[in-house]
Structure formats: structure tokens, C-alpha cells
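No value in this document is a laboratory result; all are computed from the given coordinates. Source: prediction; values computed, not measured. As a convention, Cβ positions derive from the backbone with ideal geometry for all residues, glycine included, and neighbour counts pool all protein chains shown.
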Amino acid sequence: MPELPEVQTIVDDLNKRIINRIITGVWFDAPKLIKTPKAKDLDMRIKGLRITKAERKGKNILIYLTDDRQLRRKVRVLTESSEPTTNDYLLLIHQKMTGHLLIGKWAIKKVSGNKYKVLSLKKGEMEEKVNNYIHIIFYLNNGTQLALSDLRKFAKVVFGEKEKIENLLELKKLGFDSLSVEFSEFKKIISNGKGRIKEFLMDQKKISGVGNIYADEILWKAQIHPLRPANQLRNNELNDLHKSMREVLKKAIKLRGTSVSDYRDTFGKRGTYGDERYAYRREAKLCYKCKTLIKRIKIGSRSAYFCPSCQK
């Protein structure tokens, strides 16, 4: 699943590449991905809206839109009408396990019934198989397209009025952002927590943005065993953990994320943090600090990779 660095990379790309573009239409072949409104109504409701900015909240991509036409109508129409009271809207996309957003151009060919074949008109990385599970396309007024590729079709798209989307319970329940949380708040959260530290770091209600990959990386850098009880960490360990969390996430953003699986950026390219991993999926390889072999254990249903010498 794309974590904070991958989502931030996508958001940064969107802010550079599609701001002020107008959505002229929507195509999809997997209506279950569209949670709100009804899939058949999305094209009608989002068409004509201008993209103003993109933001990240936890692992969610938030694309803000405005209706310039409606704003102009409000200037002319002073009497009460049945039109919505807002011209600001929000498109929320959670990429889940295998989803990622791409910016390019595609041709759609109907194969049979409800089956379609989507072909990239751009050569190179966009032709890679992992980028060819296109299930939603937003057409933009400059001729480019914003597409969602998702092998397993677990991603989620939600569209509606800005205030309603911003107040969704799933967003309200997110904990402090792992990239920006101050040490005082971080210390309070961890010290009052129960359970093993790796699981705690991955609990989105406590600290949002970190998943399986970066939890292993952060704990290796801070030299903390993944099974340590969160509320037993000493003050110096908490300080190291907080510092390591920021350093690892910032480095991963600089390297445009980790592509050990399906994740690609909006150009269809791999992130390069995977080439510099400290612990994640490095079982039986030498620890970069002490040359001990990295081990793997199970914590719940997930694997954890760590150095048994550095992380006692």
C-alpha cells in the first residue's frame, strides 16, 4: 500500500502538473471504486470543475475543485434558488493496496460486453504492465488525462461538497501526521500507548501516514526492536524514534517513494527509495551498521524486518 512518501510524491506531482485544469469528463469500468456519489452520476457532477490544489491527509489524496461558472451565476442571481450553496468541491482518492495515479493519454477500446482495453498513447514507463490496470480516467481541458491504475481494484474515490468530504469520519479519526507531529505530542501519544511499537506506528488513529515499509525503516534507524512495548520506551529512545521518523520519511519523499511492488509516480516511474532500504524485505542480508544478518518475524498478520544486534 502506498504510504506517506508515495502519497506525498503523487500530491506534489499533481500540484505541478494539473492545477487550474478543468475536468471535462469521466470514464470508468469499475463502478465499485466510486463510493460517492453513485458512479453513474460522477461525470455529470464533476464535469466543468476547475482543479485548484491537491493536499495529503494521512494516506489520502485530496483534490480541491471549484465551479467558476456557478460563482459567476451567484453574482447575477440574487434571489433564492435550488442550486447548491457552495462552489467548492473535493475529490478524495485513497489508493489502497495497488492503486496509483498517472497523468498521460490513453485510448479506450471496447473488447466485449462491459470489458475494455485501455492503451497508453505515451511510450516508455507508461507501457509497463503495472501501469496498465486503468479503471478510471478524468479528462482535462488541455488534452491530458488523470487516470487511476489499480490491479486489485481496492482503491476508493469519493466526491462531494468540500465541507462534507473534509468532515468525513475517516478523515476526522486520523491521528497526528507522522511527518509534522511535534516531539511533545509524539512523546505523549507513544508514552500513553499500549501494544508493540511497530503496530503502534502503523495505527492510523494514533499517527497517520506510516505503514509496514517505513515502520521497519524507522525502527531500524532508531535501533528499536519492533516488539518493544510502546509505553516502555525511554525518553532518549523516543527522541531517536521521532528524529528517525522524520529523516526516513523526508529521504523517501526526496527519492519519490518505494516501488518494491505496484507503486509508480504520475509519470509511471518507479520510486528509488527501495534501492536504499535499511531493513524492509532485507531478510538474510547484512545490516548496514553491524553486518549482522537481518531477520524477519511475524507480528500479527504482517512481517517485521530488523537487525537482532542493533535492535535488541
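Tabulated data
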read-out: Segment ARG302-ARG246, length gained on full extension (0.36 nm per residue, minus Cα span); value: 17.9 nm
read-out: Helix axis angle, 235-254 relative to the chain longest principal axis, alpha carbon, degrees; value: 40
read-out: Amide H partners (placed H, <5 Å) of ILE299, local residues excluded; value: ALA304
read-out: Length-normalised contact order for the range 4-172 - Cα pairs under 8 Å, 6+ apart - percent; value: 27
read-out: Restraint check, LYS129/LYS254; LYS105/LYS172; LYS35/LYS172; LYS59/LYS254; LYS129/LYS198; LYS187/LYS251, Cα-Cα greater than 28 Å; value: LYS105/LYS172; LYS129/LYS198
read-out: Within a Gaussian network of the chain (alpha carbon springs, distance under 10 Å), most fluctuating of ARG256, ARG50, ARG17; value: ARG17
read-out: Residue among MET202, MET44, MET97 with the largest mean-square fluctuation in a Gaussian network model of the chain, springs linking Cα atoms under 10 Å; value: MET44
read-out: Vicinal HN-Hα couplings computed from phi for the range 303-312 (Karplus, 6.51 cos²θ - 1.76 cosθ + 1.60; Hz; Gly/Pro x); value: 8, 10, 10, 7, 9, x, 8, 6, 10, 7
read-out: ³J(HN,Hα) computed for each position of the range 199-208 - Karplus, 6.51 cos²θ - 1.76 cosθ + 1.60, integer Hz, glycine/proline x; value: 4, 5, 4, 8, 7, 5, 7, 9, 9, 9
read-out: HN-Hα J in Hz across the range 129-136 - Karplus 6.51, -1.76, 1.60, θ = phi - 60°, x for Gly and Pro; value: 3, 5, 8, 10, 10, 6, 10, 9
read-out: Cα long-axis angle, helix 212-222 against the chain (0 to 90 degrees, to the nearest 10); value: 40
read-out: When the range 176-306 is reduced to its Cα atoms, the Kirkwood hydrodynamic radius in Å; value: 15.1
read-out: Among ASP41, ASP177, ASP12, residue whose mean-square fluctuation peaks in a GNM of the chain (springs only between Cα atoms under 10 Å); value: ASP41
read-out: The range 4-172: C-alpha gyration tensor shape, a/c 1.5 cut-off, then a/b vs b/c; value: prolate
read-out: Length gained when the stretch ALA284-ARG17 is fully extended (0.36 nm per residue, less Cα-Cα span); value: 92.0 nm
read-out: Pairwise centroid distance, computed over Cα atoms, of the range 241-256 with the range 124-194, Å; value: 19
read-out: Percent of Cα-Cα distances greater than 35 Å, calculated over the chain; value: 28
read-out: Inter-label distance, nm, simple model (7 Å from Cα along the C-beta direction), ALA107/LYS205; value: 5.0
read-out: Simple label model, 7 Å out from Cα along Cβ direction - THR144 to TYR116, nm; value: 2.1
read-out: Length added when fully stretched, LYS40-GLU166, from 0.36 nm per residue minus Cα-Cα; value: 43.1 nm
read-out: Coarse-grained scattering of the range 173-231 at q = 0.14, 0.22 Å⁻¹, given as base-10 log I(q)/I(0) from a Debye sum over alpha-carbon atoms; value: -0.32, -0.84
